[in-house]
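K.L.:
The structure is given below, and queries will be raised subsequently.
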Amino acid sequence: MHHFRDTTRAVRVGQHMDLGDAHGEPIALNSAYVFRSAAEAAGRFSGAVPGNVYSRFTNPTVHAFEQRIAALEGGESAVAFASGMAAIAGIAQAWLASGCNVVCSRDVFGTTLHAFRQYFGRFGVEVRVVDLARIDEWQAAIDARTRLAFVESPSNPLQQLADIPAVARLAHAAGALLVVDNTLLTPVFQRPLSLGADLVLHSAGKFLDGQGRCMGGVVIGRAELTHALRGVLRMLGASLSPMNAWLLLKSLETLELRVQRQSESAQFIAEWLESRPAVRRVFHAGLASHPQRALAKVQQAGHGAIVAFEVGRERADAWRFIDALSLVSIATHLGDTRSMATHPATTTHGRLSEAEREAAGIGDTLVRLSIGLEHPDDLMRDIDRALSAASRRPGRRGALPEREARRPAALPAGARP
Ligand SMILES: *Cc1c(COP(=O)(O)O)cnc(C)c1O
């Protein structure tokens, strides 16, 4: 399959499971496997004979998904987990040990940092937090006791970038592994393994599924590393269900089409937002105004569906904006076919202290959008109306009534396909 383009590999790798002549892939909803002899059972348990033993750690449908995502990330092998957090916990279990440290960028998914600090900290792991864009901070933090350098680039929601090859060089010089959480960009826009990362992971329920249907996680890398991770999965038991693996397997077939369109719409919305008077700043790596534009161009083939911006002067302005949206959903998830808006300071980043939020740049007026597959003209109209509402302060003429009754998910009149 190596001679085919990624678009082809996304629909062909991992297809051939034994199901007679069916064109689709079966869902192997089973826990146990039959062996032809006692000797074969012994061989499979010892690993000398390839094949399934028990669905806690291998299953044909899960394996098909693992092969397909490994092909897209350009990795040798992959291990699927029940969720993104299970994948992160698995990586931590596999490589962290008492007396070592993990160097992690500050703007990672909140529960990731919480896991390192709260749960692995208890076992004597030191957590060193750095600004992802500051290579001097990575350099100062990484030392001979570092086992893992962990980064999510671009950061969510502010879209700052780490120079992945530079961080990889520092990690490797210290004998550490570089782990990149590639959930936001997907392999369509960024290939961390080709940039020097050792492991790349996804919260698969975001863009990989892309339709808000299931949880999942996956880690891709060299076979020797994924082999170690599969050992952890066998112990942890946070296994991806075959049903969810099948959903993800089918989702990968449309990944490129979906995220390309979402990214184009996000670019359009981000550029348009920059021209709106109520909007103070827009954060998206595709903008000419992005401070790391040059790095974004070489490291990313596209910039994804996340757009953040600051609206008005205070929290109430951001909340009025969100409440006045009628097409865009209010949801903290990301990577769905449907666009969503979030107020990070009071939701995803609500656990941080005010000082921590300020240090992270998560202000009260910040809104995050995850752009979906609606027509960009319809999104623009909805956002435009909500911006007008945000600028209308209460108590004055024309104050917005309570959130308008949400229209059912029918296409607005006149919407183009
Ligand atoms: C959601 C998310 C996670 C956690 O994944 P779950 O599947 O929710 O456990 C990790 N990293 C990023 C970037 C995420 O967006």
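K.L.:
Ranked highest first by average number of other Cβ atoms within 10 Å, how do 201-213, 231-243, 47-59 line up?
P.N.:
Final packing ranking: 201-213, 231-243, 47-59.
K.L.:
If we sort 33-39, 380-386 on the protection proxy, mean other Cβ atoms within 10 Å, highest first, what's the order?
P.N.:
Highest-to-lowest ranking by the protection proxy: 380-386, 33-39.
K.L.:
Moving on to the next point. Based on the mean of other beta carbon atoms within 10 Å per residue, what is the order of 252-264, 60-72, most packed first?
P.N.:
Ranking, from highest mean packing down: 60-72, 252-264.
K.L.:
Once the other residues with Cβ under 15 Å from the Cβ of Ser289 are scored (Lys, Arg +1; Asp, Glu -1), what is the net sum?
P.N.:
Once all neighbours under 15 Å are counted, the net charge is +2.
K.L.:
Going by the alpha-carbon gyration tensor, a ≥ b ≥ c the square roots of its eigenvalues, is the stretch 22-102 rounded (a/c under 1.5) or, if a/c is not under 1.5, prolate (a/b greater than b/c) versus oblate?
P.N.:
oblate
K.L.:
Still on this model: Solvent-accessible area per residue for the stretch 134-223 at a 1.4 Å probe radius, Å²?
P.N.:
Heavy-atom accessible area per residue stands at 29 Å².
K.L.:
For the stretch 331-392, state the semi-axes of the equivalent ellipsoid (square roots of 5 times the eigenvalues of the alpha-carbon gyration tensor), sorted largest first and rounded to whole angstrom.
P.N.:
Value: 25, 15, 7 Å, ordered largest first.
K.L.:
Using amide H atoms built 1.01 Å from N in the peptide plane, name the residues 5+ places from Ile330, or on other chains, whose amide H lies under 5 Å from its own.
P.N.:
Ala341
K.L.:
Got a sec to turn the phi values of the stretch 247-264 into Karplus ³J(HN,Hα) couplings, 6.51 cos²θ - 1.76 cosθ + 1.60 with θ = phi - 60°, whole Hz, x for Gly and Pro?
P.N.:
Values per residue, Gly and Pro as x: 4, 5, 4, 5, 4, 4, 5, 10, 4, 4, 4, 5, 6, 4, 5, 4, 5, 4 Hz.
K.L.:
Hey, if you put +1 on the Cβ of every Lys and Arg and -1 on every Asp and Glu Cβ in the chain, which of Ala168, Ala94, Ser239 ends up farthest toward the positive end of that dipole?
P.N.:
Final value for the positive-end residue is Ser239.
K.L.:
Considering the dipole of the chain built from charges on the beta carbon (Lys and Arg +1, Asp and Glu -1) around the Cα centre, which of Leu373, Gln300, Tyr33 is farthest to its positive end?
P.N.:
Leu373
K.L.:
With all pairs of different alpha carbon atoms counted, what Kirkwood hydrodynamic radius in Å does the chain show?
P.N.:
This gives a value of 22.6 Å.
K.L.:
Shifting gears a bit: When a/c reaches 1.5 or more, the comparison of a/b and b/c decides; with that in mind, is the stretch 82-180 rounded, prolate or oblate per its Cα gyration tensor?
P.N.:
Oblate shape, in that a/c is at least 1.5 and b/c is the bigger or equal ratio.
K.L.:
Just name one of Pro50, Ser391, Val179: the one whose Cα is farthest towards the positive end of the charge dipole of the chain (beta-carbon charges, Lys/Arg +1, Asp/Glu -1).
P.N.:
It is Ser391, whose Cα lies furthest towards the positive end.
K.L.:
How large is ³J(HN,Hα), in whole Hz, for each residue of the stretch 299-313 in order, when computed from phi with the Karplus curve 6.51 cos²θ - 1.76 cosθ + 1.60 and θ = phi - 60°, using x for Gly and Pro?
P.N.:
For the stretch 299-313, the Karplus curve yields 8, 10, 7, x, 10, x, 9, 8, 10, 10, 7, 9, 10, x, 10 Hz.
K.L.:
Hey, another quick one. Considering only the chain, what is the antiparallel percent among its DSSP beta bridges, to the nearest 5?
P.N.:
So the antiparallel bridges in the chain amount to around 55 percent.
K.L.:
Measure nothing but the geometry: give the 0 to 90° angle between the long axis through the Cα atoms of 223-236 and the longest principal axis through the Cα atoms of the chain, rounded to 10°.
P.N.:
It works out to around 80 degrees.
K.L.:
With Rg and the Kirkwood Rh both taken from Cα atoms, where does Rg over Rh land for the stretch 246-319?
P.N.:
Rg/Rh: 1.09.
K.L.:
Continuing with the same structure: So how strong a dipole does the chain carry about its Cα centre when Lys and Arg Cβ are +1 and Asp and Glu Cβ are -1, to the nearest 20 debye?
P.N.:
The dipole magnitude comes to about 560 debye.
K.L.:
Expressed as a whole percentage, what fraction of the accessible surface of the chain belongs to carbon and sulfur atoms when a 1.4 Å probe is rolled over the protein heavy atoms?
P.N.:
Ligands and nucleic acids excluded, carbon and sulfur give 54 percent.
K.L.:
Would you grab the residues whose amide H sits under 5 Å from the one on Glu152? Only those 5+ places off in sequence or on another chain, please, with H modelled 1.01 Å from N.
P.N.:
Ser105, Asp181
K.L.:
Suppose every K and R has +1 on its Cβ and every D and E has -1 on its Cβ; what is the size of the dipole of the stretch 86-209 about the Cα centre, in Debye to the nearest 20?
P.N.:
I would put it at about 220 debye.
K.L.:
Along the stretch 96-102, what does the Karplus equation 6.51 cos²θ - 1.76 cosθ + 1.60 (θ = phi - 60°) give for ³J(HN,Hα), rounded to whole Hz, x for Gly and Pro?
P.N.:
Going residue by residue, I get 8, 8, 3, x, 9, 10, 10 Hz, with x marking Gly and Pro.
The values are calculated or read from the model by the stated rules, or taken from the named source; none is laboratory data. Please read these numbers as outputs of a predicted model, since none were measured by experiment. Note that we place each Cβ from the backbone using ideal geometry, even for glycine, and neighbour counts take in every protein chain shown. Heads up: the accessible areas ignore ligands, DNA and RNA and are worked out on the full protein's heavy atoms, side chains in. Shrake-Rupley method; radii C 1.70, N 1.55, O 1.52, S 1.80 Å.
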